[in-house]
Each structure stands twice: as C-alpha cells, then as structure tokens.
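Engineer: One structure, as structure tokens, below. Some questions next.
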Amino acid sequence: MSLEFEISGTGEGGGRRGRLRLPHGVVETPVFMPVGTAASVKAVEQGVLEGLGTDGAGAQIILANTYHLYLRPGHELIRRMGGVHRFMSWERPMLTDSGGFQVFSLSKLRKVTPDGVEFSSNLDGSKHFFSPEHSIDVQIALGADVVMAFDECVKSPASWERTRESMGLTHGWAQRSKDHFELHKNEVPWFGERGSVAQSLFGIVQGGMYADLRKESAERMVEIGFPGYAIGGLAVGEPREVTWEMIARTLEILPKDKPRYVMGVGYPDEIKEYAKMGVDMMDCVLPTRAGRHGLLFMREEAGGPVVRMNIKRKEYAEDQRPIDEACGCPVCRRYSRAYLRHLYVAGEALSATLNSVHNLAFYLDTMTRVRAELAGSAML
Ligand SMILES: [Zn+2]
C-alpha cells in the first residue's frame, strides 16, 4: 500500500479527523499544505517549515508545482538528484499538481487537442507539449508522495456546454493518467528505499460552477477509481457561496473512506469551514503571497473574526504590539508591528520571511484547532 487513510472521528457537519500514511510520513488531517512552487515555499526555508505553528509540529506536507519544476531546473535533473525530496532536503510528505492549472493560467499560445496541450514557456517562450502521459512521467521523476491526474481547467465563467466539453476531456485524460501511472509507478527515484511502496495518484473532479456537472464528474472519477480525489477549478473568482455549493455537491458523491482534497483554497475562515464539511486536504498560495505584500492574517481579539492587517499602514509605525497577541509563532513572540512595518517599507528581504512565517503559522494553527475540535477535545 502506498497510501492508507484512517478516520478516527466525524463531526456533525461531516468533517473528519483522520490520518494519512504516505511513503515519507504520516499526515494528520484535515491538513493545510503550504505551496512550494519551485521546490521552495517562498522566503521560508525548510528548517523553519519543520517547526512552524504554535505546537511546533511544522508543515506536515507541502506542494510543489510540476509546471515550474519541469521548465526549471527540469524534471530529469531532479530525478538525477534523487527526486524532489532529496533535492530540496525535505523528508516529509509532498504532493505535486499535474501542471494543468499553470499550463492554462500562465502560458500563452496554448493549443488543446484530445491528445494534450501545446504551450509556450512563461520563462522564455519555448514550445512544450503536455499530455496526461507526459505529466505523469514528469511527476514520477519528481517523486512526490501524491501526484495528480492531468486535467483541463476552463476559464471562469464558462458556459455549461463549454464546461461539459472540457470536463469530458479531463475524464479521458484521468483514465490515461491512471493507465500510464500504473505501468510506470515503480520508476519513482526512491522506489524500493521505503519498502515496496510507490506514489499515489489522485483524480480531479471538474465541472465548473454547475452542480449537475460536478456530480457527473465525481461519479466518473469514482468509476475510474483512485486512492484519493481532488476537487479542482474552484476559487477562480466565483462567489464564495458557489464554491461552498460545488464542494458540498461533490462531497456527496465521493467515497467517504478516501481522502478528499480541495485545490487552491482559501482564506483562513474558508479552510476551517471546508474542513468541517469533510474536506481533508487544502493548499493555497495565499499565506505566503499575502505575506510578501505586507498583508497579515490576525484576530483583533481571541475568537473574533479573522482580518487582514496591512502592515505598511502608518498607524503601525510605533506600535509595539505583536501582529496578533494570541499567536504563538516566533514572529509574534519576538517582533513588533513597528519593526515589521519598517522592514516592509524599507524593502528588506526579511520582511517577506517574517510575514510568511506568521501567516503560515496562522493557517497551520487554524487546522490544528479544527483537528482538535473534530477529535472532540475542545481546544478553542
Ligand atoms: Zn504570529
């Protein structure tokens, strides 16, 4: 077995307290996964990631983006370095996306055919082709614990007809991704080092903002059969109620005993809400991206609503308080708003690091509390 998922408790809203066993370790779920785009969670080094959060447990699993690593430094180079874990010195679990989302959002001159998609690099304009088979080959070379089926992402908003057509393509590509993965999964760089375990391939449910298409897509993915399922194509500008609705309708179809992953969400209150609905895994660039822009997640008072503090504001120039009095992260324990504002305004590199560390800790702490709540041990 390359993946084992045990659920130890279920909350009233359907949220699950679980444990996901992967080749590089155990992940307590529901979990938030920091995004390490190019094998780096921007501005935060691995040693710090390992100790993040008030409980010091650190990030349990991080993401890397296939598209970025394929273009630079190249997946074959990473394979020669022993895989992405060894390359970046991160021995905990990892997940790679299929590259689909970036191919459709970052690159120009795309040409989509039933076989795959031709695109030009956002780095130098060079031409490339991704098919489901190629995405899987690249992800096997990178060697993350969890890999994703190649999917097409439609621009939102899209018509029902366009969404359905795209979804059909995604379903065909999911089957091809699985077939190719099954043939080649033993080629992962670390195969044999951790017993006879390999990576796990998750399918991705699409269907845009249409409940009937989401249902159809989820049913088709379950029919193909994967050890875990992702819900993709959300948080692309639609109202929050729509995101909620699409997740809720999809969760009704997905098997209860398999991990469920919503890709690319969200704000701290959203990840908490989705976890309580029964989503087990989430990832988002928001904590690090917002941090680099001087936006810090915090609560004015314990238990209050989460707000985003804009640290560059003048009112913080002589504010001696930490970002959030209730946050136990190393940044809040040590530095004042006044100092963080100064670093941001002066364009110091440390600004991005400290802001990202706090925001990531805030996200991880949010999930630690949700897990405690789901386990029945009130920690809030
Ligand atoms: Zn903090």
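Engineer: Restricting to the stretch 296-322, and then to whatever is under 18 Å from Arg369 (Cβ atoms) and touching a strand residue (DSSP E or B) at 6+ places or on another chain (Cβ under 8 Å), can you tell me which residue is surrounded by the fewest Cβ atoms within 10 Å (Cβ to Cβ)?
Structural biologist: Taking the candidates together, the pick is Pro305.
Engineer: Let me ask something additional. Anything in the stretch 348-378 that is over 20 Å from Ser40 (Cβ atoms) and either more than 14 Å from the ligand (Cβ to nearest atom) or of a type in the set (A, V, I, L, M) (or both)? List them, or say none.
Structural biologist: Met367, Arg369, Val370, Arg371, Ala372, Glu373, Leu374, Ala375, Gly376, Ser377, Ala378
Engineer: So, in the stretch 302-333, of the ones that are of a type in the set (D, E, K, R) and within 15 Å of the ligand (Cβ to nearest atom), which residue ends up farthest from Glu348 (Cα to Cα)?
Structural biologist: Per the criteria, the residue is Glu325.
Engineer: Would you say Leu286 is modelled with pLDDT of 95 or more and in contact with a helix residue (DSSP H, G or I) (Cβ under 7 Å, 6 or more places away or on another chain)?
Structural biologist: no
Engineer: Is there a residue in the stretch 260-281 that is open to solvent by less than 70 Å² (accessible area, probe 1.4 Å), touching a strand residue (DSSP E or B) at 6+ places or on another chain (Cβ under 9 Å) and within 12 Å of the ligand (Cβ to nearest atom)?
Structural biologist: no
Engineer: Would you check which residues across the stretch 327-380 are open to solvent by 20 Å² or more (accessible area, probe 1.4 Å), small (Gly, Ala, Ser) and assigned to a helix (DSSP H, G or I) and list them?
Structural biologist: Ala338, Ala349, Ala352
Engineer: Go through the residues of the stretch 122-130 one by one and say whether even a single one is crowded, with 22+ Cβ neighbours inside 10 Å and not in a helix (DSSP H, G or I).
Structural biologist: yes
Engineer: Another question, then. Under 7 Å between Cβ atoms, at least 6 apart or on separate chains: pull out the pairs that start in the stretch 314-335 with a residue that is under 17 Å from Gly304 (Cα atoms) and hydrophobic (A, V, I, L, M, F, W, C) and end on any residue that is in a loop (DSSP other than H, G, I, E, B) and more than 9 Å from the ligand (Cβ to nearest atom).
Structural biologist: Ala326/Ala302
Engineer: Among the listed residues Ser107, Ser135, Ser126, which satisfies the condition of being out of contact with any Phe, Trp or Tyr (no Cβ under 6 Å at 6 or more places or on another chain) and among the hydroxyl-bearing types (Ser, Thr, Tyr)?
Structural biologist: Of the residues listed, the single one that is out of contact with any Phe, Trp or Tyr (no Cβ under 6 Å at 6 or more places or on another chain) and among the hydroxyl-bearing types (Ser, Thr, Tyr) is Ser126.
Engineer: Of the residues that sit in the stretch 249-285 and are in contact (Cβ under 8 Å) with a residue 60 or more places away in the chain and within 20 Å of Thr353 (Cα to Cα), which one is farthest from the chain's Cα centre (by Cα)?
Structural biologist: Among residues in the stretch 249-285 that are in contact (Cβ under 8 Å) with a residue 60 or more places away in the chain and within 20 Å of Thr353 (Cα to Cα), the one farthest from the chain's Cα centre (by Cα) is Pro268.
Engineer: Could you tell me whether Lys111 is touching a strand residue (DSSP E or B) at 6+ places or on another chain (Cβ under 8 Å) and open to solvent by 70 Å² or more (accessible area, probe 1.4 Å)?
Structural biologist: Judged against the criteria, Lys111 is a match.
Engineer: Residue under question is Gly233, and the condition is that it be buried (at least 24 other Cβ atoms within 10 Å of the Cβ) and touching a strand residue (DSSP E or B) at 6+ places or on another chain (Cβ under 9 Å); does it hold?
Structural biologist: Here the answer is yes, as Gly233 does meet what is asked.
Engineer: Examine the stretch 75-97 for a residue that is open to solvent by less than 50 Å² (accessible area, probe 1.4 Å), of a type outside the set (Lys, Arg), farther than 24 Å from Arg194 by Cβ and not in a helix (DSSP H, G or I), and state whether such a residue exists.
Structural biologist: no
Engineer: Further question: Taking only pairs six or more apart or across chains, which ones have beta-carbon atoms under 8 Å, a first residue in the stretch 11-35 that is at positive phi, and a second residue that is polar (S, T, N, Q)?
Structural biologist: From residues that are at positive phi, the pairs are Gly25/Gln60.
The values are calculated or read from the model by the stated rules, or taken from the named source; none is laboratory data. On a predicted model such as this, the values are computed, not experimentally measured, just so you know. We place every Cβ from the backbone using ideal geometry, glycine too, and count neighbours over all the protein chains shown. Side chains included, ligands, DNA and RNA excluded: accessible areas come from the protein's heavy atoms. Shrake-Rupley method; radii C 1.70, N 1.55, O 1.52, S 1.80 Å.
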